[in-house]
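No value in this document is a laboratory result; all are computed from the given coordinates. No experiment lies behind these values; they were computed from the predicted model shown. Here the Cβ positions follow ideal geometry from the backbone for every residue, glycine too, while neighbour counts run over all protein chains shown.
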Amino acid sequence: MTINAVAVTVEAGLHAEQELLSAVCKGEQAFGLLFWQPTDRALVMPRRMSRLDGFEAACAELAIAGWPVLLRETGGEPVPQSPAVINVALVYVAPHSEGDQNRIENAYLRLCEPLCEVLSEWGGMASVGEIEGAFCDGRYNVNLNGRKLVGTAQRWRQGLGGKRPVVLVHGALLLDNERESMVAAVNRFNECCNLEQRCLAHSHIALHEVVPEAPLLERLTQAYGEVIKGIARD
């Protein structure tokens, strides 16, 4: 079986994720799982960053360089999106058995653990945690052989008539090596906006550098299918 990611512009991919979240919130779907791959390039960042001094100048410069800026609804920091990236979006209603206290961590684990499982099957050293020098670094990076492979984020909304919390948890996985230009775009944005952080290309790794013929989507579809079954049982 061959499973392909939906090929769309970055803007359309972000919109598709929000549409999926909306459908689950309305009860039109019990859950959602979406894989999408950009057909263009963009530097995507939280809406709050549009208030930074130097933001407009940074947008103009990066657009000329081929990295137009787009804003997203989740948190974090600037993330490059390009055809070298596969995006995973998982949407579900929080189980009744799960209290509010742990639901954020549990959402990240439901996204990250299947990725780690699959990477380990292919002989990689998979881990979850921060990586020094990575762009949009966080506690729930999925790392391969000590370097960042997947960045993660999430967004919660009240769904089902305001009765249940619904989450969109997202991962951006670097499939092919485009580290140098990605890091250059993030660093240039940070420079323009007088942000101190500088990222390093070597802090990142692409899946195809380690597993060139990885049947990624087929295996992840199976793994997330088990996650969804587990949520349904709760």
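Please sort by residue number the trypsin sites (Lys or Arg not before Pro) in region 42-139 whose DSSP state is loop and whose Cβ has at most 11 other Cβ atoms within 10 Å. Walk me through the intermediate numbers first.
Numbers: sites: Arg47, Arg48, Arg51, Arg72, Arg103, Arg110, Arg139; in loops: Arg139.
Answer by residue number: Arg139.
Which residues does a label at Thr221 reach in region 90-124, if reach means a backbone N under 16 Å from a point 7 Å past the Cα toward the Cβ?
Under cut-off, by backbone N: 90.
Kyte-Doolittle cut-off 0.0, length cut-off 24 Å along the helix's own axis using Cα: show which whole DSSP H helices in the chain pass.
103-121, 216-233
For Leu20, Leu200, Leu115, what ranking results if the residue with the fewest other Cβ atoms within 10 Å of its Cβ goes first? Could you put the intermediate results ahead of the total?
On the way: Leu20 20, Leu200 15, Leu115 25.
Fewest-to-most Cβ neighbours within 10 Å comes out as Leu200, Leu20, Leu115.
Rounded to the nearest 20 Debye, what is the dipole magnitude of region 31-142 about its Cα centre when Lys and Arg each give +1 and Asp and Glu each give -1 at the C-beta?
300 debye
In region 170-215, what trypsin sites (Lys or Arg not before Pro) fall in a loop by DSSP, with at most 15 other Cβ atoms inside 10 Å? Each step should come with its number before you reach the end.
Details: sites: Arg179, Arg188, Arg198; in loops: Arg198.
Those that pass, being in a loop and sparsely packed, are Arg198.
Using a simple spin-label model with points 7 Å from Cα along the Cα→Cβ vector, what separation in nm is obtained for Gln101 and Lys163?
Computed distance between label sites Gln101 and Lys163 equals 2.6 nm.
For the charge dipole of the chain, defined by +1 on Lys and Arg C-beta atoms and -1 on Asp and Glu C-beta atoms about the Cα centroid, which residue among Asn145, Val169, Asn190 has the Cα displaced farthest towards the positive pole?
Val169
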